[in-house]
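Enquirer: Before I ask anything, let me first share the structure, which is written out below as structure tokens.
The values are calculated or read from the model by the stated rules, or taken from the named source; none is laboratory data. Quick caveat: nothing in here was measured; it's all calculated off a predicted structure. Don't worry about glycine lacking a Cβ; one is built from the backbone with ideal geometry, like all the others, and counts go over all protein chains shown. Accessible surface areas use protein heavy atoms only, side chains included; no ligands, DNA or RNA. Shrake-Rupley method; radii C 1.70, N 1.55, O 1.52, S 1.80 Å.
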Amino acid sequence: MHKKIWKRIPLKRFLNPLLRILIAQLFLSGCVYPIRYAETLESDRGFLYLPSQRFTKEKIESIESPWEAKSLRGKAISTEDHNNLGILLAKRSLLDEAEQEFLEAHKSSASDPIPILNLLRLYFLVDAISESRALLSNYLKQASPAERNKIEKILLDNLREEELVIFWDSLSSIPGQEVHSWNGLADYFYRKQDWSKSYFYLEKILVVSPYHKNARGLMLKMADTLEKWDEAIVFGQSLIGTAERVPDLEYYLAHAYSEKKRYDEALEWIRKVPESDRGNLRFLNLWRTCLLSRNPRADLTPLVPYFRRLKAQGLEISEEDFLPTTVPEGREAAERNILGR
């Protein structure tokens with residue numbers, strides 16, 4: 001594997017002859033991979049061990065010499081042995097050997113996704129993205145739905161987000177798995193604030209499945225974030241129309257109507273916000289804004305219990321400042337503002 005990638009690194013373009021000789025000597029003396037990956041591989045905690053008596057995790061982590069690691073080639077017997085030896089070889093930058101051990105582990109137990117996940121990790125860490133995609137595409141086409149689900153769960157549980165992107169991208173080429181894959185990709189890019197990519201995958205979902213709840217819900221959240229109020233209303237109303245609720249649905253609709261200065265409609269949606277969703281400052285800010293924009297002397301006492309709960313949790317804003325018309329001074333200030341107009 002490393003030989004193919006090494007060929008893509010244009011050393012001759014920027015190295016003088018002496019430096020090239022020194023690097024060649026390093027490789028001849030045993031440096032088997034571009035040094036820029038060595039520290040990443042050695043310190044990475046993403047590889048997954050299997051219970052092996054011959055090559056325990058403790059033994060693997062105690063071996064620091066690449067030569068000692070390489071001397072263990074051929075001594076693995078079980079799937080677990082091959083897998084854990086592959087981790088050792090990867091961490092000592094013996095990547096061709098590590099690749100072979102992971103492949104041997106997979107060959108001896110094709111239903112166990114751990115060796116494939118470790119090989120994916122290896123490719124990912126050395127920026128061999130095309131190899132990652134090819135590996136997963138071949139594996140996923142032959143894997144059962146349960147095996148695919150297991151790989152996805154392991155990646156999710158271990159917070160291997162970038163590898164999940166490769167997984168979903170590969171999975172999307174399998175008939176019947178497109179919408180699930182696009183949904184994962186759309187959510188990932190939304191969280192990374194890459195709005196154009198997230199929108200791209202959401203559109204693909206809605207072309208195939210116009211009433212997809214998660215896609216419409218994410219479109220609603222994105223419209224709110226990007227201040228596209230008409231789109232927020234369209235997607236929010238579509239969810240209401242099919243009786244499908246996503247978190248903060250009523251808030252998003254109220255916010256959109258408020259930004260369009262349609263305060264009566266905004267207040268209608270505020271009244272529909274579930275009691276459990278009223279105990280946050282964002283919601284109270286919106287509620288207060290709608291009431292005072294509609295009437296500067298509006299009674300803000302309905303907000304008091306919710307505000308006091310936030311105060312008990314450590315909110316530092318005073319009640320008089322946040323709810324001005326609940327005290328005489330605030331009501332007088334509101335009167336002066338009205339008369340000043």
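Enquirer: Quick one: if the Förster radius is 56 Å, what FRET efficiency do Thr242 and Ser43 give, using the C-beta to C-beta distance and rounding to 0.05?
Expert: Given R0 = 56 Å and the Cβ-Cβ separation, E is 0.70.
Enquirer: Could you work out, for segment 189-339, what percent of all Cα-Cα pairs fall into each 5 Å distance bin, beginning at 0 Å and stopping at the bin that holds the largest distance?
Expert: Histogramming segment 189-339 at 5 Å steps yields 2, 9, 17, 17, 16, 14, 11, 7, 5, 2, 1, 0 percent.
Enquirer: With a 1.4 Å probe and all protein chains left in place, how much accessible area per residue does the chain have, in Å²? Each step should come with its number before you reach the end.
Expert: On the way: 18450 Å² over 341 residues.
In whole numbers, the chain has 54 Å² accessible per residue.
Enquirer: Right, here's the next one. Taking the highest mean first, how do the peptides 157-163, 310-316, 87-93 order by number of other beta carbon atoms within 10 angstrom per residue?
Expert: 87-93, 157-163, 310-316
Enquirer: Which residues does a label at Gln53 reach in segment 74-103, if reach means a backbone N under 19 Å from a point 7 Å past the Cα toward the Cβ?
Expert: Backbone N within reach: 75-85.
Enquirer: So, by mean Cβ neighbours within 10 angstrom, what's the order for 287-300, 41-54 with the highest one leading?
Expert: The packing order, highest mean first, is 287-300, 41-54.
Enquirer: So for the chain, Kirkwood radius off the Cα pairs, Stokes-Einstein at 10 °C and 1.306 mPa s: how many µm² s⁻¹? Don't skip to the answer; put the middle values down first.
Expert: Numbers: Rh = 24.8 Å.
Here the translational diffusion coefficient equals 64 µm²/s.
Enquirer: Would you please state the base-10 log of I(q)/I(0) at q = 0.10 1/Å for segment 93-207, with intensities from the Debye formula using one equal scatterer on every alpha carbon?
Expert: Normalising to I(0) and taking log10 leaves -0.30.
Enquirer: Please list 3J(HN,Hα) in residue order for segment 229-236, calculated via the Karplus relation 6.51 cos²θ - 1.76 cosθ + 1.60 where θ = phi - 60°; whole Hz, with x for glycine and proline.
Expert: With the stated coefficients, segment 229-236 comes to 5, 5, 5, 4, 5, 4, 6, x Hz.
Enquirer: If you find the alpha carbon centre of segment 62-78 and of segment 161-227, how far apart are they in angstrom?
Expert: The two parts, judged by their Cα centres, are 43 Å apart.
Enquirer: Leaving out ligands, DNA and RNA, and with a 1.4 Å probe, what % of the accessible surface on the chain is carbon or sulfur?
Expert: Of the solvent-accessible surface of the chain, carbon and sulfur hold 52 percent.
Enquirer: Sticking with this one: Students often get this wrong: which residues of segment 198-217 have the backbone nitrogen under 19 Å from the point 7 angstrom along Cα-to-C-beta of Asp277?
Expert: What the label zone holds, given the 19 Å backbone N cut-off, is 212-217.
Enquirer: Before rounding to the nearest 500, sum -39500 (n - 2.57) across all DSSP H runs of length at least 4 in the chain and divide by the residue total; then give [θ] at 222 nm in deg cm²/dmol.
Expert: My calculation for the chain gives -20000 deg cm²/dmol from helical runs alone.
Enquirer: Here's another thing I want to ask about it. My understanding is that a pair violates if its Cα-Cα distance is over 25 Å; which of Lys221/Lys261; Lys59/Lys150; Lys153/Lys213 do that in this structure?
Expert: From Lys221/Lys261; Lys59/Lys150; Lys153/Lys213, over 25 Å: Lys59/Lys150.
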